[in-house]
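What follows is one structure encoded as structure tokens, with my remarks underneath.
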Amino acid sequence: VSVAGSIRDAKNVLEADPADLIIADWLLPDGRGIDILPRRDGMVTAPLIIMTSHGDEQLAVEIMKSGAIDYVVKSATMFRELPHTARRAIRDWENIRIRREAEEAAREAQKRVADIIAFLPDAVFAIDITGRVIAWNRAMEEMTGVPGTEMLGKGDHEYSIPFYGERRPILIDLSFLADVDIEQKYDYVKREGDRITSETFIAAL
């Protein structure tokens, strides 16, 4: 356990020895306890419990929005329960850290897939389960004349307009829902497991 009487001293301690948990008063001689929080790229890098002398809902919201993992109101009971509160805060922080790492890994994976799709020689686009366009590669831009920046994020069958001049379900919609009406618009539709193959001719392209 390291003890510091000011924000400056606390930051010096943290630079020398990163903390597993920080417990600080809301008000300190040289500022607010929340200012002790170490951050990297705007992200909090250590859990902080703030102690206050009185309970106030507005203050509690401000404290939590500022990046603290918990806050407690000073009392004899609070000090008795502080070890338990500290263990819970560390456990919650570990869960947050694991979730952040998983989210970052997912973002990296999505970026890699997006980069691969972007440079494929074949025209490719993709939609999510809500029907919004999440990929529209360079070959698709060249084929349709529609930049990806104008198509990404669009829903409501916007992706069908460059092909058919109107909003309508097309082959890609069969990925989520079998629809005879859609299938009848194509010369044939072949299903092989999770793969759907078809051919069509569009004079406009």
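In the set (1) farther than 19 Å from I117 by Cβ; (2) modelled with pLDDT of 90 or more; (3) of a type outside the set (A, V, I, L, M); (4) not in a loop (DSSP other than H, G, I, E, B), K190 fails one condition alone, (2).
When D30, D92 are checked against the criterion of being under 24 Å from A10 (Cα atoms), modelled with pLDDT of 90 or more, open to solvent by 30 Å² or more (accessible area, probe 1.4 Å) and in contact with a helix residue (DSSP H, G or I) (Cβ under 8 Å, 6 or more places away or on another chain), D30 stands alone in meeting it. With the stretch 1-84 as the region, which strands (runs of 3 or more DSSP E) entirely inside it contain at least 1 residues that are under 18 Å from I96 (Cα atoms) and free of Cβ contacts under 8 Å to residues at least 24 places away in the same chain? Once the strands (runs of 3 or more DSSP E) in the stretch 1-84 are filtered for at least 1 residues that are under 18 Å from I96 (Cα atoms) and free of Cβ contacts under 8 Å to residues at least 24 places away in the same chain, what remains is 70-73. Taking the conditions exactly as written (open to solvent by less than 80 Å² (accessible area, probe 1.4 Å), among the β-branched types (V, I, T) and assigned to a helix (DSSP H, G or I)), does I98 satisfy them or not? Taking the combined requirement at face value, the residue does not satisfy it.
Go through the stretch 141-182 and give me each residue that's among the hydrophobic types (A, V, I, L, M, F, W, C), under 20 Å from R195 (Cα atoms) and assigned to a helix (DSSP H, G or I). Hits for the stretch 141-182 are L171, I172, L174, V180, I182.
Just one of the numbered conditions (1) within 27 Å of R112 (Cβ to Cβ); (2) touching a strand residue (DSSP E or B) at 6+ places or on another chain (Cβ under 9 Å) is not true of S198: (1).
For A123, the requirement of being farther than 20 Å from I22 by Cα, in a loop (DSSP other than H, G, I, E, B), open to solvent by less than 90 Å² (accessible area, probe 1.4 Å) and modelled with pLDDT of 90 or more is met.
The values are calculated or read from the model by the stated rules, or taken from the named source; none is laboratory data. Remember, predicted model here, so these are calculated numbers, not experimental data. Here Cβ is always computed from backbone atoms with ideal geometry, including for glycine, and neighbour counts include all displayed protein chains. In case anyone asks, the SASA skips ligands and DNA or RNA and just uses the protein heavy atoms, side chains included. Shrake-Rupley method; radii C 1.70, N 1.55, O 1.52, S 1.80 Å.
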